[in-house]
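Since every read-out is calculated from the coordinates, none of them should be taken as a lab result. Predicted model, so just to flag it, every value in this text is computed and none were measured. FYI the Cβ positions are ideal-geometry reconstructions off the backbone, even for glycines, and counts take in every protein chain you see.
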Amino acid sequence: MKILVCIKAVPEPEDAIYSGKDIPEVTVDDDTDMRMNRFDEFAVEEAVLIKEYFPETVVDVITMGPENAQKTIKRAIGMGADNGIHILSDYHTSCDAVTVSSCIAEVANEKNYDLILCGIMSEDMMQFTVGPMLAHHLSLPWATSVIHETMKSDVQKIYVERELEGGITAMLDINLPALLTIQSGINEPRYPSLSNLLRANKSRINVISVEALQQPESSCRTAGYSYPEKKRDGLILEGTPDEKAEALLRILKEKALV
């Protein structure tokens with residue numbers, strides 16, 4: 001079987017966010033330190049676990065972003081993936097869920113993947129949308145927030161358990177091909193082995209320019225950045241421990257909290 005794992009390179013916050021004169025500014029370029037989105041690590045690990053159970057499985061990983069996003073592909077290969085695909089674009093484009101899902105769908109459409117895995121969300125945008133949009137483009141059945149999966153022995157269906165609100169778990173049998181977004185905690189992502197890292201450094205990554213793909217009109221734009229609005233002031237109690245305790249008790253009584 002063939003599995004595709006969608007991963008994203010996200011910048012280290014201290015590397016991308018810095019304070020301007022009046023408001024914070026965000027800049028990501030080829031010099032920005034980037035790493036694999038932590039939610040995607042669980043998706044890569046889940047794909048590798050399936051590969052261990054079904055040895056004939058081939059695991060591809062795909063990312064979209066600037067040139068230094070390739071380090072995330074090498075890390076995924078180091079974890080056990082087989083091949084890497086890099087849609088080369090600027091960082092801003094890689095944050096537009098509509099564009100990302102459309103471009104990945106165009107690449108994946110002709111490769112006949114049996115299963116596509118995504119992390120539940122990205123750390124930088126936290127939109128939860130690329131996976132479902134990608135499933136829509138490819139007309140695949142899908143499930144989000146998957147906390148457990150078991151591949152059927154005939155590789156025609158996959159059993160999944162997905163997390164719902166209120167501690168409820170939904171249990172589904174889904175026909176393959178399908179798409180799942182993987183919840184954190186489903187497994188424990190492995191550290192890349194030295195032999196796989198050496199293989200990753202020698203692997204030829206398939207690089208595709210985003211300009212070579214059909215892109216929808218951008219639906220995402222940055223309106224601006226600002227510090228969180230300060231809505232209330234804190235109160236620091238002064239005095240001895242007994243005086244602080246009495247002052248705290250008085251405040252709680254005034255607010256009818258005790």
Revision key, fill the gap. Here the convex hull volume per residue of the range 200-258, taken over Cα atoms and given in Å³, is 322 Å³
Review point. Of all DSSP beta bridges in the chain, what percent run antiparallel (nearest 5)?
Key: 40 percent
Point to revise | Alpha carbon convex hull of the chain, projected area averaged over orientations, nm² | key: 19.9 nm²
Check your understanding: Going down the table (K71/K230; K2/K202; K8/K231; K8/K202; K74/K111), which pairs top 30 Å between alpha carbons?
Key -> K71/K230; K8/K231
Practice item. Just tell me which lysines come within less than 16 Å, Cα to Cα, of K244; anything on the same chain fewer than 8 places away is out. Key: K253
**Study point:** Nearest 10 degrees, 0 to 90: helix 70-79 Cα axis against the chain principal axis
**Key:** 80 degrees
Exercise for review: With a 10 Å radius around each residue's Cβ, average the other Cβ atoms per peptide and rank 78-90, 104-116, highest first.
Suggested key: 78-90, 104-116
Exercise for review: Provide the packing ranking of 232-241, 132-141, i.e. peptides ordered by the mean count of other C-beta atoms within 10 Å per residue, highest first.
Suggested key: 132-141, 232-241
**Study point:** Two-site label geometry, E229 and S193: point separation in nm, points 7 Å out along Cα→Cβ
**Key:** 5.4 nm
Check your understanding: When the label point is put 7 Å from the Cα of K202 along its Cα-to-beta-carbon vector, which residues of the range 40-76 have a backbone N closer than 18 Å?
Key -> 74-76
Review point. Can you list the residues, at least 5 places off or on another chain, whose amide H is less than 5 Å from the amide H of T144, using H built in the peptide plane?
Key: T181
Practice item. Using per-residue counts of other Cβ atoms within 10 Å, averaged over each peptide, order 177-185, 39-47, 121-129 from highest down. Key: 39-47, 177-185, 121-129
Practice item. Only helical DSSP H runs with n ≥ 4 go in: add -39500 (n - 2.57) per run for the chain, normalise by residue count and round the 222 nm mean residue ellipticity to 500 deg cm²/dmol. Key: -8500 deg cm²/dmol
Check your understanding: Nearest 20 debye, what's the magnitude of the dipole of the chain about its Cα centre given +1 on Lys and Arg Cβ and -1 on Asp and Glu Cβ?
Key -> 400 debye
Review point. Calculated FRET efficiency, M171 and E110, Cβ-Cβ r, R0 25 Å, to nearest 0.05?
Key: 0.15
Review point. Once the Cβ-Cβ distance between D31 and H148 is put in as r, and R0 is 41 Å, what FRET efficiency do you end up with, to the nearest 0.05?
Key: 0.50
